[in-house]
Each structure stands twice: as C-alpha cells, then as structure tokens.
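For reference, the structure discussed in these notes is given below.
The values are calculated or read from the model by the stated rules, or taken from the named source; none is laboratory data. No experiment lies behind these values; they were computed from the predicted model shown. Neighbour counts are summed over all protein chains in view; Cβ atoms, including those assigned to glycine, are modelled from backbone coordinates with ideal geometry. Surface accessibility is based on the protein's heavy atoms, side chains included, excluding ligands, DNA and RNA. Shrake-Rupley method; radii C 1.70, N 1.55, O 1.52, S 1.80 Å.
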Amino acid sequence: MSNCSLSGPLHSSFQKLQSLSVILLHNNNFSATPVPEFFANFRNLTSLRLSSCGLNGQFPEKIFQVPTLQTLDLSDNKQLSGTVQGFHSNGSLRSLVLSRTNFSGTLPDSIGNLKMLSRIDLSNCSFLGSIPSSMANLVQLFYLDMSSNSFTGPIPSLNMAKKLTQINISHNNLTGQINSTHWKDLTKVVNLDLRFNSLNGSIPVSLFSHPSLRNLQLSNNQFSGLLNESSNSSSSVLHTLDLSSNKLKGPIPMSVFELQGLKFLSLSSNNFDGSMQLNEIKQLTNLSNLDLSYNNLSIEYNGTNSSSSSFPQMATLKLVSCKLKTFPDFLKNQSKLTILDLSNNHIKQGVPNWIWKLSNLHYLNLSYNYLVMTLEGPLLSLSSLSVLDLHSNQLEGKLSDLPPVATYLDFSMNNFKSAIPASIGKSLNFTYFFSVSSNKFHGDIPQSLCNATNLQVLNLSNNTLNGTIPPCLIEMSKTLGVLDVRRNKLSGNISDTFPYHCGLQTLNLNGNRLEGVVPRSLVNCTNLEVFDIGNNEISDVFPCHLRSISKLRVLILRSNKFYGPINSCRRSRSKFFWPILQIVDLASNEFTGKLPRKFFSTWKAMLDEEDKVQSMLNYLQFSSHNGQFYYQDRITVTSKGLDIELVKILTIFTAIDISANKLEGPIPETIGELKSLYVLNLSNNALTGKIPLSLGTLSRLESLDLSSNNITGEIPMQLVGLTFLAALNLSFNQLVGPIPQGKQFGTFSNYSYMHNKELCGFPLTTHCTSDEAPPPSATPKSKGTSSTTLIGFDWQFILTGLGFGVGAAVVVAPLTFWEKGRKWHDDCINKILLVIFPMLGLSYRGCYNTKVEEDEDIGDENTKDCEDNGDEDEMEGEAFRGRYCVFCSKLDISRKRVIHGPQCTCHNSPPISASSSTFFIVTSS
C-alpha cells in the first residue's frame, strides 16, 4: 500500500496478520505516529519498508532481532529516533537503510554477523564513535554510505568486500591515513568519496590508475606532501578528481593531464606551486570543469601557438589567484561555458568584446584585477547572465543597460564618476544584491530603486551622493536586509516610515549630514543587528525606544549631537536592553550624568567566559534568503588610539567607547563583569573616584583609555594581570602613588601616565620615595642581607624617620604615662570634632579600647554585644577576671551622645594598653 496517501496510526487489528512477510507502506503520511512494536512478532517478516511516512518516536529495538528480516528501510523519517544495539548471530538482513532519520549512538560489533548484508545506508543520521572493524566480514557488501554522521577513528579495512562499488564516508570526523592496500583488492569500486574528514598523510598515486574507479573525491581533508607522478595514467577511467582544500604541495604532476577521461578536475585551495602552461589542458578532451584556484601557481597562456578549437568545451573554468596576466582567448569559442571566474589575477587589459557574446554564461567574476576600460551599455546586455562581479578594478563609464535577469551585480571599488541612472530600478527586477560602493557616483539616489522589489542588499556607500534618502527606500525595508549608504553627502531627516515586519538586519548611515532624530518607527526592525548612525548631525536623546530590538549587536551613535543622561532608560517599565550587544560607540556627543551601574551588566554577550565566546566564533554578515551570497558588515571603531575599519566583524569582538562626553561620577564596578571585553574607552569625560579594582578581571582587554578625567587614587596592582593589554592611557588625571610594575606594564611609555602630578615610578622621571615601590631599574637586595657601605644607606630617609619618631615620642610619652594628660587629650579631641564635623555635614565613628572590670557598669548601650571571655589575664602584676571590648560607636550630633554600633566585638586577650584610647573614622553624613 505504498503511495496511497494513507494517514493516521495503523489500526491495532493489523497485529493479527502475523503471517505477513512483506510490508510496503512507504510514501504515506502516518504523521506523529510511532512504529508499532508488534512488527517484531511477525516471524515470517522478510521486508519492512516505511520510508517517507512521517514517523516519529523511538524505533522498537526488537524489530532488529527478527531472524527472517532481509530488508529494513526507514529512510526519510527525520523525527524517528533509535539506536542499534545488536544483531542476531544468524541474521538474514541484506539491506539496512536508515538514512535521513534521527538514529544515533554507536554501531555494535555484531554488525559483522550479517554475512548476507549487501547494502548499508546510514547517511545523514547522528551516529558517532568508530566504525566497527568487524565490517571487514561483510563479504557480500556492494553499497556503503555512512556520510554526514560523526564517526571518528580510522577507516576499517574493507578488502574482503570485493563486490563493493560505492563507498561514501564523507562528512565525518575520520582520521588516519589511507594507503594502496585499502583499495587494491576492491576492483569494482566506481565511487570513492572521503570528503570533509580529517584524513592525513599522502594520497596513494595508485588510485589514479585504479581499474574501475571513476569518481575520486578527497577534498577538505589534511592530505599533505607531494603528489607523485603516475606511470599508468593513460589507462585510468577517472571522470572526477577532486583533491581541493588539502595541504598538497609542489608542482602539479603532468600525469594528471594524461587522465584523458577526466570531466571534472579540482585542485584548488592547496599549496601547489611553480609555473604551468594552460595549454596543457588540451590533452583532456573530455574536460568540462576545471578549478585550479587558490594555490601558489603561476599560470601562463600562450595563445599564439594554440588553436582555440583544439581546447575542450568547458562548462566551468575557475582560475582564481593564479597570477594570470591575460584573458585566455580560447574562451571565445566556448559556447557551453556557464561559469567563468578569473578574479584576483594580474589582468591589466580591457574586457574583450567576445566575453559579452558568450550566450550561455550565467556566472562571470573578473574582480580584483586591473581592468581599465569604459563600460558601454550594450556590453552588459548578456541575456542569461545571473551573477556579474566586476568590483576592485579601474572601470569607468555609465551603468545604463544591465543584464536583464541578473540577481547579483557588484560594481564597487572602481572609477565610475557619473550619476546613477534615474531609471536603473527598471533593470533590477530580479536583483537580490546591488553594490556600487566606493566609486565617485554623484547626484541623488534614484527613486526608481524602490521598484527593485527583490533587493535584499543595497550598497551605495563611499560615493558623493547628495540629497535625501528617498522615503520609499525606507518603506521597502520590509524585504530589504541591508541598506548601506555610509560616507556620502546625504542630508535631511530620516523618514519615520519603517514598516511593520521590517526585515532590515544592517542599517549603516555613517558619515553623512543627516539631521533630526532617530526614527521611532525603527523599533519595527526587530531583526536589526547593526545600527550605525555615527558622524552625522542627529540631535536626540539616548534611543531608549530601540531597547526591544533584542538582536542588536552593534550600536554606533558617535559624533552626533545626542544629549541628556544615558540612564534615562531606567524610567521605562520594560526590561533592560540589548542582551547580545557587542560593540557600543557613543563617543563625541553631549551625554551627561553618571554611568548607570546596571547599564553594563545587561549586555550578556560581553559577560561570557572565554570558552563560551570561542564556541560562538563567527562573522557578522547577512546571508541571502536562498543562501547564494552574503554581505559582510563593515564598521569603523577606535582601538589602541587608532581608527580601524573592521571589514569582517567577529562575533567575539567587543568594544565600549563612551569617550568625549560630559559624564561624571565614578566608574561602575560592574564593568568588571564584562569578561570578554576587548576595548574600553571612557576618556575625555569628567569621571571621578578611583579606578575600580574589578577592571583587573577583564582578562581579554587589549585597549584601556581612561585619560582626561578627574580620576584619583592609585593605579590598582590588579591591572598588572591584564596580559593582553597592548594600549593603556591614564594621562591627564589625578592619580597618585607608584606605577605598578611587571608584565605588560613594562611596555608602556610616559605617554600612558603623563600629567598625573603625584604619580611616580618607571617610566616617569619622577622617582618614588623609598616607602613606595622602587622603579624596575633598582636592583633588589638578596634576602637576609643588607648593605654595609655608606652608599647603601638612604640617609635622607633615615633622618626623616628619626625626626618623626622623636616628635611622636614627645607627644605620646606624656599620654602614656600621665593619666590626666590622657583624659585631657581625649576631651579636647571630642570637643573639637563635635564643633567642626557638623559644620562640614560629616559624622564620625569612634573606636574605644576599654578595660572593663568584672562588676563595672558600662551602660546597656555599650554592653549588649560584649561577652565574658572567661579568661584570666595578668596585667601590671595584678590578677583579675575581666573583659576587654572594642566599642565601635557613632556620634549622634543632635543628641550629643555616642550610640553603640554593630561592629562591637570582644577580644580574648587584652589590648596593648589597658587604658582607653580613641580612634576616629570620618564618614559623610
């Protein structure tokens, strides 16, 4: 009952048909239906085919144990899961097909028991572990496909399976080497596909002359070394040879061009070197696809001695980065040519007219050459051309007639100086990608671009376009993914017409003359990842209304007229914003107020530890809906004092730049939570307080700029642990004390610390006093030794210390030995502080060390936290049992009395002096 449009679960009465031997129910729609376990009771069952039935759930293990089962096909049930635990020792299974299901786990060694097994298809599942060596026993095997899993380890020997014709173990994690003994007895193998693994070693040259092998695909591995010449190339039957994306080196063996049956040859992305004559391919009369790109080859073409008709008829020719200096003129007779890629070469001539006459050409890439010519309209009228990439040349002219069905058009980085044709939109009916970036186009943005309703990427950046951004261009952002008009001369307001379900992922308006405010309707662009409006004349408050755009990664407001507090968003009731934000540039505006403490702790992407960050390594880019092309986001950031254009924005790169504003107050400690931060710039503000110790936890920090603020205190020693720190600027502050030494701090110059009057130590010329850390040039003394020469003593330090000591003794001695003097001293200090502190709005805390006798009443307020320590102590020759307490109190100015504080503790041993002494800690009231 296959292909009968059946649906729903199988009726329970079906289990009564236990004499059935063949069950064919494939290509029906048993959606959300598990496989019935009662099939395991069908003792005569030989064939069970349930492919493409929409099955789900767990496949019953018992069915694998049915001894009569010969064919099991469960393919194309993506929701069906299961494991293969084992097979019957006398199993009859001949065909096992589990492809495109969710089967997982390892394969059991008992698979070697299936001596009759001829077909195994486990492709596109979730199997892992090593491939069992017992598969060497499968002598009847002729088809093996285990591709697109997670198998590891070496490829087992399959020499006994002499009937094998198809071997596909591609897209796994296999390792080890392959050698000629793996395949010499497999004389019937037609297809060998080992792509996308981690196989290494050399490639056996005997494979090129294998008697039956037609398709040899070894790309995307780690094969290395030289590719040796083959002595039997002429007898080869190879049709496909793909060795691309390995580490092969040396010259390309000439025997490769003797494989006369070759139709597809790809040696790209290796380390092949030396020169090569393109004329060699004339021997490959059947060749239709050739790719020699991305090597160290110098390909030469001598057209004078070659007849164009003697070359094979090509469908694809890719010679990227091959140092080619001219267009191979044999191409003019290539009537079947559909793909031509000669990009990144040294071609300095104009585009020959015959290229525009290749009627079947679908893909043409001539980018990154030195093409010099004036393009004329008719030259671009190829009726079948879909992709045209001419960027990074020296082309001039107008863009009047474009290929009528083109989907990808890139004319960027040339010398076009005209206006963009007013009717250009009519030529872009099928175009997804259109870029004229980095030319000298002038005039207005044509309104007709709004007719290009299929556009996903529109890049007009780096020109001299003026006028306003057409409102209809904003309105078409429902389908547009990238709008890049940065670095032009556009003016006026940004139209507040962003539609609901706006599809913009990148909006780059940097470097124009735009005015007004950030459009409130931009909140409709919920997929927005990059918003760059820097270097304009926008006058607005911080764009809190965009906080609901949870996918935002890059926010650049630099060099505008934004004003007001950044923390104004706190007034909103919604949750704080932008959990995956990674680049924030608010520099050179007029923001005021304090940096909010919670402002940083909500940016989860900057909080991640290194391991998690590395696992998310990728680039910010827009991929087309059909996956055929992508747009690479570009922005400019300031790092290490330099403006750097990020051509590729790594998702792990994080930066915060809030410099050149009017911010005040302390630097929040919460910045220390941004473990993956690379760049931090808070310079040119009015920040106060100390450098937070928490900055020492920013282990990935490479650039730190806190210059031109009012920061006080010492430089925390914790910053020495920032081993990736390459740029540091703490100049123009009020820092004091010695500069920390060690690690990266030994590489910074005077510029990093200049204009901090009380800062000392290397590399400044101001030396620290001896009670501070010595400069690194000072030679430390050996432990346990001292200098015995006059030169070794710092007499100024010794005499200064002696003077302080004598002065202190004059004051302290009477207070120590004269009881009335001590009392008079304490009373005077109290009276002075009682008068002065209230005038300053301050209060103080006093700590009193007091001997308390066993029965002495010290007041309820002072005794409630003191306990009898139970110790007997002897002082001044008198034995007593008492308590020694430290009373931490706060002076209540209004009531003029001391209130006991929460820090009161009792000591097990008496203080140094049994008499009272007073210490004060001043705090703001």
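Being assigned to a loop (DSSP other than H, G, I, E, B) and surrounded by fewer than 21 Cβ atoms within 10 Å (Cβ to Cβ) narrows it down to one of I538, I580, so name that one. Steps first, answer last, please.
Numbers: I538 fails: surrounded by fewer than 21 Cβ atoms within 10 Å (Cβ to Cβ).
On inspection, the qualifying residue turns out to be I580.
Hey, among F264, F208, which residue is within 27 Å of D121 (Cβ to Cβ) and aromatic (F, W, Y)?
F264
Could you grab me the full set of residues in the range 666-693 that are more than 26 Å from T506 (Cα to Cα), among the small types (G, A, S) and open to solvent by less than 10 Å² (accessible area, probe 1.4 Å)? If you could, list the steps in order and put the result at the bottom.
Of the range 666-693, the ones more than 26 Å from T506 (Cα to Cα) are 666-673, 675, 682-693.
If we keep only those that are among the small types (G, A, S) too, we end up with 672, 683, 686, 689.
G672, S683, listed by residue number.
Looking at the range 106-142, which of its residues are open to solvent by 50 Å² or more (accessible area, probe 1.4 Å) and touching a Pro at 6+ places or on another chain (Cβ under 7 Å)?
Matches in the range 106-142: D109, S133.
Quick one: which strands (runs of 3 or more DSSP E) lie wholly within the range 286-388 and hold at least 3 residues that are at pLDDT 90 or above, among the acidic types (D, E) and open to solvent by 20 Å² or more (accessible area, probe 1.4 Å)?
Values: elements: 289-291, 296-300, 316-318, 339-341, 363-365.
Ranges flagged: none.
Go through the range 229-258 and give me each residue that's more than 24 Å from S170 (Cα to Cα) and touching a Ser or Thr at 6+ places or on another chain (Cβ under 8 Å).
Step one: list which residues in the range 229-258 are more than 24 Å from S170 (Cα to Cα), which gives 229-235, 250-255, 257-258.
Residues satisfying the conditions are E229, S230, S231, N232, S233, S235, P253, S255, E258.
Every residue in the range 143-174 that is surrounded by 17 or more Cβ atoms within 10 Å (Cβ to Cβ), in a loop (DSSP other than H, G, I, E, B) and not aliphatic (A, V, I, L, M), please.
Correct list: S147, S148, N149, S170, H171, N172.
Of all residues in the range 741-768, count the ones that are surrounded by fewer than 18 Cβ atoms within 10 Å (Cβ to Cβ), assigned to a loop (DSSP other than H, G, I, E, B) and hydroxyl-bearing (S, T, Y).
The total comes to 4.
Which members of the range 88-105 meet the condition of being open to solvent by 70 Å² or more (accessible area, probe 1.4 Å) and small (G, A, S)?
Matches in the range 88-105: S89 only.
Among the residues of the range 75-94, are any within 18 Å of M135 (Cβ to Cβ) and of a type in the set (D, E, K, R)?
Within the range 75-94, one or more residues are within 18 Å of M135 (Cβ to Cβ) and of a type in the set (D, E, K, R).
Take the residues in the range 485-535 that are among the aromatic types (F, W, Y) and in a loop (DSSP other than H, G, I, E, B), then tell me which one is surrounded by the most Cβ atoms within 10 Å (Cβ to Cβ). Before the answer, list the steps.
Within the range 485-535, the subset among the aromatic types (F, W, Y) is 498, 500, 531.
Cutting the leftovers down to in a loop (DSSP other than H, G, I, E, B) gives us 498, 500.
Numbers: F498: 21, Y500: 9.
Here the answer is F498.
Among the residues of the range 224-236, is any open to solvent by less than 10 Å² (accessible area, probe 1.4 Å), modelled with pLDDT of 90 or more, under 21 Å from I178 (Cα atoms) and not in a loop (DSSP other than H, G, I, E, B)? Even if it seems obvious, please write down each step before you answer.
Kept after step one, since they are open to solvent by less than 10 Å² (accessible area, probe 1.4 Å), are these residues of the range 224-236: 233.
Imposing the further condition that a residue be modelled with pLDDT of 90 or more reduces the set to none.
The answer is no; no qualifying residue exists.
Working only within the range 698-730, note down all residues that are without any contact (Cβ under 8 Å) to a residue 40 or more places away in the chain, in a loop (DSSP other than H, G, I, E, B) and farther than 26 Å from F653 by Cβ.
N710, E714
Taking the conditions exactly as written (loosely packed, with under 15 Cβ neighbours inside 10 Å, in contact with a helix residue (DSSP H, G or I) (Cβ under 7 Å, 6 or more places away or on another chain) and not in a helix (DSSP H, G or I)), does Q85 satisfy them or not? Break it down stepwise before answering.
Working: loosely packed, with under 15 Cβ neighbours inside 10 Å: yes; in contact with a helix residue (DSSP H, G or I) (Cβ under 7 Å, 6 or more places away or on another chain): yes; not in a helix (DSSP H, G or I): yes.
Against the criterion (loosely packed, with under 15 Cβ neighbours inside 10 Å, in contact with a helix residue (DSSP H, G or I) (Cβ under 7 Å, 6 or more places away or on another chain) and not in a helix (DSSP H, G or I)), Q85 qualifies.
Do we have any residue at all in the range 29-40 that's small (G, A, S) and within 19 Å of L141 (Cβ to Cβ)?
no
Taking the condition of being farther than 22 Å from L324 by Cβ and crowded, with 21+ Cβ neighbours inside 10 Å, how many residues in the range 243-285 meet it? Quick ask: steps written out before the conclusion?
Residues of the range 243-285 farther than 22 Å from L324 by Cβ: 246-247, 255, 258-261, 263, 285.
Next, from what is left, pick out any that are crowded, with 21+ Cβ neighbours inside 10 Å: 246, 259.
Summing the residues that are farther than 22 Å from L324 by Cβ and crowded, with 21+ Cβ neighbours inside 10 Å in the range 243-285 gives 2.
Taking into account only those residues within the range 432-464 that are in a loop (DSSP other than H, G, I, E, B), closer than 17 Å to Y408 by Cα and not small (G, A, S), which is farthest from the chain's Cα centre (by Cα)?
It comes out as T453.
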